[in-house]
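I'd like to ask some things about the structure below.
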Amino acid sequence: MKRQSKSAATSSGANPKSTSSSQFLFFSINTSVGESTTLITPHEGTSTATPEVQGTQATELEDDGSVESILEALKRKERSDIWNHFERDMVDGRIKGKCNYCGKIYYADPRKNGTTSLNNHMDRCPKYPPNIEMMKAKRQKIFSFKKPTTELCTVECTQEELSMLCVEYIILDELPFSHVEGEGFRRFMGRALPYWRIPSRKIIAKDVLQLYLGEKEKLMDQLSRYRLSLTTDTWTSIQNINYMVLTAHFIDDNWVLHKRILIFCVIPSHKGEAIAKLLEDCLLEWGIEKILTVTVDNASSNDVALKELSRRMGDWGVPNAVLHEGKNLQMRCVAHILNLIVNDGLSVMKIFIGAIRNAVRYVRSSPQRLDFFKECVERVKLECKGLVILDVPTRWNSTFLMLERALKFQKAFDRMVEEDACNFCAWLEGAKGEKPKEGPPASVDWQYGEQFMDFLRPFYEITLKVCCSNSPTVHSTFGDILSIYGLLQEQKNPCLSEIASLMQDKFVKYWGSFDKLNHYLFIAIVLDPRHKLEKVVDYFEILDDGDMNENVEANTKTVKDLLYDLYKVYEEEGRESGVGEVVGSQVSSEGTSSSCKGLTELEKRLKEKEQRRRAMKAGIVNNDVDRYLGDPIEGDGEDFDLLNWWMGCSSYSGVNHSFGIFL
């Protein structure tokens, strides 16, 4: 049944949204494509469609919903101006509307969908001209400084740029995704960046994932260009869960050292096979095909893991995926071995430092005791910053730090013992049935503590040095190892001699012979222009006993042969072998005559013999390795930067490209 339409005023605005019920209704009949449209104003009493029906046609469709009735309706002009921006068509038996600007398609059946979705699309269509102008007007302007000056200027940021900065903000500050939906954050952003549409937590989560995938692809491309050195470690948490971490180290073409964590995950067990499988899976995931070394601790499962990894990588069919069949693949962690060496000494040392440790534990056992200790510090007028710290039994470096800090507060401890002797002694005695604790610390305990602190300081400093990840340290590692050996041998203190003897036995177990060391350590020494092969010979001669001293010449030859073999491997891989390479070292006749002008015949002959002797001593220069080894050693200065030296050195381009990873 048809209802009579109400009179309304018409609107001729360009708003794409539907006209209100108070407006005139227009009917249009499209006589033909491209013809003008005839508008007919309905007279009073004319039967029209009710304006309450939300559709895109002004006349009522027949109730049967047949295709004929729909096609008939398509020939009429609808009342909504939204169709000035959409093209209407029948697709697969359903009415759809296609945006004239961006081409997006929506369902537009007047009986089922209406024009709501079309109107909503026009509000956010990125190619709709009014929206483009509006976005230009709403580009957020923020204040910034022109680099490198301090001049203040305005910088425009798009919605996408601000959203990406928000994603980085969430990641860097380790915030939850829901942070962007917090009332305080939205209130602050509404005032600081009023035109920025704050994304929801779901959009942030999607953007974080997209950023991760994009950065991972960039990193994979970077890692594929270099041979990597890896570091891995496994441990068990207090929840009895096994974890493993794998880190990659490499030097890029600009001689910058990089460190990237590739994986941090749960591992089923600490068995060698499980570790090898997870390592292989990680290398395949990141597209890594060539590695140099894998640094691990001294666990026997790591020996099994690296042998299995070498075998698996050999099955990949990649030439030189692992150099020398994995003989030098395993690099034992120097810091871990130092920890084992010092812990052997601490087993004896703990008898002498027990009183100091118990005094620190007493202070840290309750807030009241800590406050009282602070009062003692003020009374003796100590200006030391910080307070005493507890040590961890399995970490010797924490014991060193405990002694170092406690010795600074010796006067405060003495004052505490004087004024709180009853409580302190009662705590030392413990409950009935408990073994009494050592203490309070006497003057002899403080003397022992100072001696042990001085004894442990070189080990602590070397540990910090080898653990540095911002600059290469492998070229000086063996020198640090020998300095430890010399320290243990030269120890004359009766109190420390027994400790040094125990530590020396552990040292010989891991570093006592040439075969127990990774030979790539010596390649790194040779690549230091301040050391070269001369320093390797000196290091071999330092030890008084063992295979090193007995076979200095043989071991030096092994290192030199390994150096040439590695250079040959990189040549075969297509690495640049050097620019302006010199073959042979014959002295030109012009150079000889020019250098001998003004000399007598005898002097000329002596000069020529000297030149020939130098040439024979240096040997024939066949490649950049020969030239590098034959050149003088660089001076040793405190500000010497190894990577900067190689970056600025163009004389040995073949060595540059071949051996950067060994540093």
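Tell me, yes or no, whether the range 261-270 has at least one residue that is within 24 Å of Thr477 (Cβ to Cβ) and surrounded by 13 or more Cβ atoms within 10 Å (Cβ to Cβ).
Residues of the range 261-270 within 24 Å of Thr477 (Cβ to Cβ): 261-262.
Checking the rest, the ones that are also surrounded by 13 or more Cβ atoms within 10 Å (Cβ to Cβ) come to 262.
The answer is yes, given that some residue of the range 261-270 is within 24 Å of Thr477 (Cβ to Cβ) and surrounded by 13 or more Cβ atoms within 10 Å (Cβ to Cβ).
For residues in the range 234-259 being of a type in the set (S, T, N, Q) and assigned to a loop (DSSP other than H, G, I, E, B), which is surrounded by the most Cβ atoms within 10 Å (Cβ to Cβ)?
Filtering first and then ranking leaves Ser237.
Moving to a separate point now. Quick one: count up the residues across the range 321-337 that are basic (Lys, Arg) and either crowded, with 18+ Cβ neighbours inside 10 Å or under 18 Å from Lys509 (Cα atoms) (or both). I'd like the intermediate steps shown before the answer.
Going through the range 321-337, the residues basic (Lys, Arg) turn out to be 327, 332.
Applying the additional criterion that residues be either crowded, with 18+ Cβ neighbours inside 10 Å or under 18 Å from Lys509 (Cα atoms) (or both) yields 332.
Residues meeting the conditions: 1.
Please note which helices (runs of 4 or more DSSP H) are completely contained in the range 433-531 and include at least 2 residues that are of a type outside the set (Phe, Trp, Tyr), in contact (Cβ under 8 Å) with a residue 24 or more places away in the chain and in the same structural domain as Asn397 (by TED's automatic domain parsing). Walk me through how you get there before you give the answer.
Numbers: elements: 443-466, 474-489, 494-511, 520-526.
Per the criteria, 443-466, 474-489, 494-511.
Only one of Met164, Met220 is within 30 Å of Asn254 (Cα to Cα) and either surrounded by 14 or more Cβ atoms within 10 Å (Cβ to Cβ) or aromatic (Phe, Trp, Tyr) (or both); which? So that I can check it myself, show each step before the final result.
On the way: Met220 fails: either surrounded by 14 or more Cβ atoms within 10 Å (Cβ to Cβ) or aromatic (Phe, Trp, Tyr) (or both).
After applying the criteria, what remains is Met164.
Does Lys141 count as modelled with pLDDT under 85, part of a strand (DSSP E or B), of a type in the set (D, E, K, R) and within 43 Å of the chain's Cα centre (by Cα)? Please lay out each step first, then the result.
Details: modelled with pLDDT under 85: yes; part of a strand (DSSP E or B): yes; of a type in the set (D, E, K, R): yes; within 43 Å of the chain's Cα centre (by Cα): yes.
Here the answer is yes, as Lys141 does meet what is asked.
While we're looking at this one, here's another question. Taking the range 317-357 on its own, how many of its residues are under 27 Å from the mean Cα position of the chain (by Cα) and assigned to a helix (DSSP H, G or I)?
Residues flagged as under 27 Å from the mean Cα position of the chain (by Cα) and assigned to a helix (DSSP H, G or I) within the range 317-357 amount to 8.
Could you list, ordered by first residue, the pairs with Cβ atoms under 6 Å in which the first is in the range 625-639 and touching a residue at least 12 places away in the same chain (Cβ under 8 Å) and the second is of a type outside the set (Lys, Arg), at least 6 apart or interchain?
Val625/Tyr567; Arg627/Val621; Tyr628/Tyr652; Tyr628/Val655; Gly630/Ala618; Glu634/Pro529
Any chance the range 360-368 includes a residue that's of a type in the set (Gly, Ala, Ser) and modelled with pLDDT of 85 or more?
So in the range 360-368, the residues of a type in the set (Gly, Ala, Ser) come out as 365-366.
Still in the running and modelled with pLDDT of 85 or more: 365-366.
Yes, the conditions are met somewhere in the range 360-368.
From the set of residues in the range 423-432 that are assigned to a helix (DSSP H, G or I) and in contact with a Pro (Cβ under 8 Å, 6 or more places away or on another chain), which is surrounded by the most Cβ atoms within 10 Å (Cβ to Cβ)?
If we filter the range 423-432 for residues that are assigned to a helix (DSSP H, G or I), which is where we start, we get 423-429.
With in contact with a Pro (Cβ under 8 Å, 6 or more places away or on another chain) added as a condition, the list becomes 424-425, 428-429.
On the way: Phe424: 21, Cys425: 13, Leu428: 16, Glu429: 12.
Restricting to residues being assigned to a helix (DSSP H, G or I) and in contact with a Pro (Cβ under 8 Å, 6 or more places away or on another chain), the top hit is Phe424.
The values are calculated or read from the model by the stated rules, or taken from the named source; none is laboratory data. For clarity, every value in this text was computed on a predicted model and none was experimentally measured. Glycine also receives a Cβ, built like all others from the backbone with ideal geometry; neighbour counts cover every protein chain displayed.
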